[in-house]
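Structure first, then comments.
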């Protein structure tokens, strides 16, 4: 039996205000819950009996069994997968020194939760440990973002900083960004470490951040200069940029 | 004034059955409508007076002016952009000969409309003219797919065929697909023409299609073999594969 106050808590966590107030977030579905439980403290696990039996190794401060019908009433998903978990958020510390021997991603106001989640999944795929969000990016712990990460949040640290004051502290590192007037990424030397800045869906990298980018790249379309879609989706562009950095050292 | 029967028609086109019956589809927003009007016949354009005045060169069989409020009542979008258009669908013909000197994409049951739309946008970016969908793929003309293409449908032809009978007719062409046991795409010779098969979101390329793939590729993660997300989103993987083909000849 799930108390009314717990139902209210779970539902409230779809809003950022309550995620921030409680420092908690919700994840649904087996893969997500299993992956996240390796890295985040699970304070409440609500699952069907079948799910609990087949995932008995998952630890949670409190576990409650519900029927499939009861679960679907508190689920955010069209097809609930037998488990909803409430986890404690992480507040990762971020030091410039940590970034020095690594490739990292910085996001300048990426606003779509699905794009942010997909970018975190891409970071995970390419072994990138830190995603540094500007303060106006979508919230990592929102349900759509968490869902789109497919569990990558267990391996990628997401930070929120004022990029305009943070990036100048990283001046020992190359800072990359893509622009229409950049140099083709396929022809340019790329360092195995540094920060890749990706911009907002509609406006790209803002002027204040552009001036902090030391290496201006271009992602060319094919055939170069042919009429085409004006731009790539920001998650797709992130994948192409990260892929080019990594393929050189694979 | 928009008649009740036209409102009913526009709303009905959110369902595939009615899109098929009428051979029509709906697009919303300036960029989409302007791009698509270069390639598709516009049978009905519903727009605010401001929009009509500033886009007077767009031709439609019938044009109706509505207020912003009236438009928002028939819109599928959270923030309507002043225009909704009804276009005639295309039924492109597909001949194996047309594919011989080109790179094309085939999709084996890609089911998410957003993924399909993003893949059509990626095809456009990389100068790929034909996307060949299996019969169980999402519908190209559904509202979410059309929206995600960002107008790329004006430059990319999407076909629906039974891949299991179509691909054997393409045996003169290399047929590429990504698999866990393939050869690293970064180390393999790639032809400038051929068909790239991408698989379903959950299951990848089906067994019946796998046996028709002549060149088995692997998209390696980084560091190769490190624990990571199990997979990439199919649109992201499509971008990485197409990008690798194109970067070799850019």
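Bear in mind these aren't lab numbers, they're just calculated from the coordinates by the rules spelled out. Remember, predicted model here, so these are calculated numbers, not experimental data. A quick note on method: Cβ atoms are made from the backbone with ideal geometry, for glycine too, and the neighbour counts reach across all protein chains shown.
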Next item on the list: Tell me the label-point distance for the pair residue B:208, residue B:165, using the 7 Å Cα-to-Cβ offset, in nm and rounded to one decimal.
Entry: 1.1 nm
Item checked: FRET efficiency, 1/(1 + (r/R0)^6) with R0 51 Å, evaluated for residue A:54 and residue B:30 via beta carbons -> 0.50
Check: Going by how many other beta carbons lie within 10 Å of each one, how would you line up A:7, B:119, A:195, fewest first?
Finding: A:7, A:195, B:119
Next item on the list: One decimal, nm, shortest first: give the distances between the label point of residue B:20 and those of the same position in the other copies, each label point 7 Å from Cα along Cα→Cβ.
Entry: 4.8
Check: Along each of its three principal axes, how wide is the spread of alpha-carbon positions in segment A:38-104, in whole angstrom units, largest first?
Finding: 50, 26, 18
Check: How far is residue B:49 from the same spot in each other copy, in nm, shortest first, if each label point sits 7 Å from Cα toward Cβ?
Finding: 6.7
Next item on the list: Among DSSP beta bridges lying fully in segment A:96-247, give the percent that are antiparallel, nearest 5.
Entry: 5 percent
Next item on the list: Compute the label zone of residue B:43 within segment B:80-122: residues whose backbone N is under 18 Å from the point 7 Å along Cα-to-Cβ.
Entry: B:84-92
Check: Which percentage, to the nearest 5, of the DSSP beta bridges contained in segment A:20-98 is antiparallel?
Finding: 75 percent
Note to self: Can you tell me what share of the DSSP beta bridges in the protein assembly as shown is antiparallel? A percent to the nearest 5 is fine.
What the structure shows: 30 percent
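Within 10 Å of each residue's Cβ, count the other Cβ atoms and sort B:198, B:63, B:1 from fewest upward. Display every interim value, and only then the final one.
Values: B:198 24, B:63 15, B:1 7.
Exposure proxy ranking, most exposed first: B:1, B:63, B:198.
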Notebook entry, point to check: Is the protein assembly as shown best put as rounded, prolate or oblate by its Cα gyration tensor, with a ≥ b ≥ c the root eigenvalues, rounded for a/c under 1.5, and otherwise prolate when a/b is larger than b/c, oblate when not?
Noted result: rounded
Notebook entry, point to check: Between copies, how close do the residue A:168 label points come, placed 7 Å along Cα→Cβ, listed in nm from shortest?
Noted result: 6.8
Notebook entry, point to check: Going by a ≥ b ≥ c, the root eigenvalues of the Cα gyration tensor, does chain B fall in the rounded group (a/c under 1.5), the prolate group (a/b larger than b/c) or the oblate group?
Noted result: prolate
Notebook entry, point to check: According to the square roots a ≥ b ≥ c of the eigenvalues of the Cα gyration tensor, what is the shape class of segment A:4-88, taking rounded for a/c under 1.5, prolate for a/b larger than b/c otherwise, and oblate for the remainder?
Noted result: oblate
Note to self: With just the Cα atoms defining each centre, how far is segment A:31-78 from segment A:94-155? Give it in Å.
What the structure shows: 24 Å
Next item on the list: Provide A:179, B:245 in ascending order of the number of other Cβ atoms located within 10 Å of each residue's Cβ, fewest first.
Entry: A:179, B:245
